[in-house]
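**Student:** Got a structure here, written out as structure tokens. Questions coming.
The values are calculated or read from the model by the stated rules, or taken from the named source; none is laboratory data. Source: prediction; values computed, not measured. Quick reminder, even Gly has a Cβ in these numbers, built from the backbone with ideal geometry, and neighbours come from all protein chains shown. Side chains included, ligands, DNA and RNA excluded: accessible areas come from the protein's heavy atoms. Shrake-Rupley method; radii C 1.70, N 1.55, O 1.52, S 1.80 Å.
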Amino acid sequence: DSGVTQTPKHLITATGQRVTLRCSPRSGDLSVYWYQQSLDQGLQFLIQYYNGEERAKGNILERFSAQQFPDLHSELNLSSLELGDSALYFCASSPQQGADEKLFFGSGTQLSVL
Amino acid sequence: AQKVTQAQTEISVVEKEDVTLDCVYETRDTTYYLFWYKQPPSGELVFLIRRNSFDEQNEISGRYSWNFQKSTSSFNFTITASQVVDSAVYFCALSDDVVVGNQFYFGTGTSLTVIP
């Protein structure tokens with residue numbers, strides 16, 4: 001068990017809808033990262049937060065947004081969902097924000113858009 | 001631009017065989033870090049090893065070993081005497097020494113199946 005908690009584990013929704021994925025990092029970890037894993041594109045970095053502030057942005061669509069709250073948990077909001085958004089969304093955390101950080105991954109949220 | 005290439009999409013070996021997973025990376029930075037992660041069927045990625053760009057020593061941990069060669073920009077992973085429990089998807093990743101913020105670039109993964 002990595003100590004990173006993601007909810008829900010599975011989410012089934014329809015096109016055009018909006019969903020929120022939640023992540024609780026390991027106790028004491030200040031950085032949270034969001035990744036999207038799809039069969040055809042592998043593991044794509046979306047966004048990183050450190051102690052409540054956005055630190056790095058990857059290939060995150062404008063329809064997606066995220067935030068990290070004062071208690072350090074993070075939420076990833078996906079809106080106007082499309083079939084292509086179906087994927088496994090991972091959250092990871094690390095103690096700090098250095099390039100040498102080991103990432104601790106949650107078990108992911110499997111999103112299915114029908 | 002940073003990039004990690006894992007050319008082997010799927011590999012199958014018979015139990016007790018040795019297997020090497022290839023990883024080739026691209027970066028213009030002189031300070032960077034390389035990682036391997038394992039994703040078992042349960043889905044959660046698990047950290048295996050980290051290497052910085054200034055340490056080219058090979059590392060061995062039990063049946064696992066890693067060969068880092070800057071001259072060929074490669075960071076290969078060898079499993080000796082493979083076991084069924086080694087069946088998983090393995091990801092190689094690269095991280096640069098960026099001042100503010102950080103992102104880890106992952107390869108597309110190599111799916112390893114160890115046949116009993």
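**Student:** Restricting the range B:32-47 to residues that are surrounded by fewer than 17 Cβ atoms within 10 Å (Cβ to Cβ) and touching a residue at least 40 places away in the same chain (Cβ under 8 Å), which is nearest to A:Gly3 (Cα to Cα)?
**Tutor:** Top of the filtered list is B:Pro40.
**Student:** Okay, next question. Quick test of your reading of the structure: B:Phe68 fulfils all but one of (1) closer than 19 Å to B:Glu10 by Cα; (2) free of Cβ contacts under 8 Å to residues at least 40 places away in the same chain; (3) of a type in the set (Phe, Trp, Tyr). Name the failing condition by number.
**Tutor:** Checking B:Phe68 against (1) closer than 19 Å to B:Glu10 by Cα; (2) free of Cβ contacts under 8 Å to residues at least 40 places away in the same chain; (3) of a type in the set (Phe, Trp, Tyr), the one that fails is (1).
**Student:** Just to be sure before I move on: is A:Leu72 touching a residue at least 40 places away in the same chain (Cβ under 8 Å) and on the phi > 0 side of the Ramachandran plot in the structure I sent?
**Tutor:** Taking the combined requirement at face value, the residue satisfies it.
**Student:** Name the single residue, out of those in the range A:72-114 being farther than 26 Å from B:Leu34 by Cα and charged (D, E, K, R), that is nearest to the chain's Cα centre (by Cα).
**Tutor:** Among those that are farther than 26 Å from B:Leu34 by Cα and charged (D, E, K, R), it is A:Glu75.
**Student:** Here's something else I'd like to know. Going through B:Val13, B:Val114 one at a time, which residue ends up being in a strand (DSSP E or B), open to solvent by less than 40 Å² (accessible area, probe 1.4 Å), touching a helix residue (DSSP H, G or I) at 6+ places or on another chain (Cβ under 6 Å) and away from chain A (no Cβ under 14 Å)?
**Tutor:** Working: B:Val13 fails: touching a helix residue (DSSP H, G or I) at 6+ places or on another chain (Cβ under 6 Å).
Selected residue: B:Val114, the only one of B:Val13, B:Val114 that is in a strand (DSSP E or B), open to solvent by less than 40 Å² (accessible area, probe 1.4 Å), touching a helix residue (DSSP H, G or I) at 6+ places or on another chain (Cβ under 6 Å) and away from chain A (no Cβ under 14 Å).
**Student:** Being surrounded by 19 or more Cβ atoms within 10 Å (Cβ to Cβ) and either touching a Ser or Thr at 6+ places or on another chain (Cβ under 8 Å) or part of a strand (DSSP E or B) (or both) narrows it down to one residue among A:Gln96, A:Gln67, A:Gln6; which is it?
**Tutor:** A:Gln6
**Student:** Give the residues of the range B:1-10 that are among the polar types (S, T, N, Q) and either exposed (fewer than 13 other Cβ atoms within 10 Å of the Cβ) or under 20 Å from B:Thr80 (Cα atoms) (or both), sorted by residue number. Give the steps one after another, and end with the answer.
**Tutor:** First, pick out the residues of the range B:1-10 that are among the polar types (S, T, N, Q): B:2, B:5-6, B:8-9.
If the condition is that a residue be among the polar types (S, T, N, Q) and either exposed (fewer than 13 other Cβ atoms within 10 Å of the Cβ) or under 20 Å from B:Thr80 (Cα atoms) (or both), then B:Gln6, B:Gln8, B:Thr9 are the ones that fit.
**Student:** Please specify each residue of the range B:75-98 satisfying the condition of being open to solvent by less than 10 Å² (accessible area, probe 1.4 Å) and away from every other protein chain (no Cβ under 14 Å).
**Tutor:** B:Phe75, B:Phe77, B:Ile79, B:Ser82, B:Asp86
**Student:** Give the range B:28-54 a look and list any residue that's more than 17 Å from B:Ala88 (Cα to Cα) and within 11 Å of another protein chain (Cβ to nearest Cβ), or say none.
**Tutor:** B:Asp29, B:Thr31, B:Tyr32, B:Tyr33, B:Leu34, B:Arg50, B:Arg51, B:Asn52, B:Ser53
**Student:** Testing A:Glu54 on (1) at pLDDT below 95; (2) closer than 28 Å to B:Gln6 by Cα; (3) part of a strand (DSSP E or B), one condition comes back false. Which one is that?
**Tutor:** (2) is the only condition that A:Glu54 fails.
**Student:** Of all the residues that make up the range A:56-114, how many are over 17 Å from A:Arg26 (Cβ atoms), touching a Leu at 6+ places or on another chain (Cβ under 7 Å) and within 9 Å of chain B (Cβ to nearest Cβ)?
**Tutor:** Residues that pass the stated criteria total 2.
**Student:** For the range B:16-27, give me the residue count where each residue is loosely packed, with under 15 Cβ neighbours inside 10 Å and within 13 Å of another protein chain (Cβ to nearest Cβ).
**Tutor:** 0
**Student:** Could you please find all residues in the range B:51-74 being open to solvent by less than 80 Å² (accessible area, probe 1.4 Å) and of a type in the set (Gly, Ala, Ser)?
**Tutor:** Passing the criteria: B:Ser53, B:Ser61, B:Gly62, B:Ser65, B:Ser73, B:Ser74.
**Student:** Of B:Val89, B:Val85, which residue is modelled with pLDDT of 95 or more, within 30 Å of A:Lys9 (Cα to Cα), part of a helix (DSSP H, G or I) and touching a Pro at 6+ places or on another chain (Cβ under 9 Å)?
**Tutor:** Answer to the check: B:Val85.
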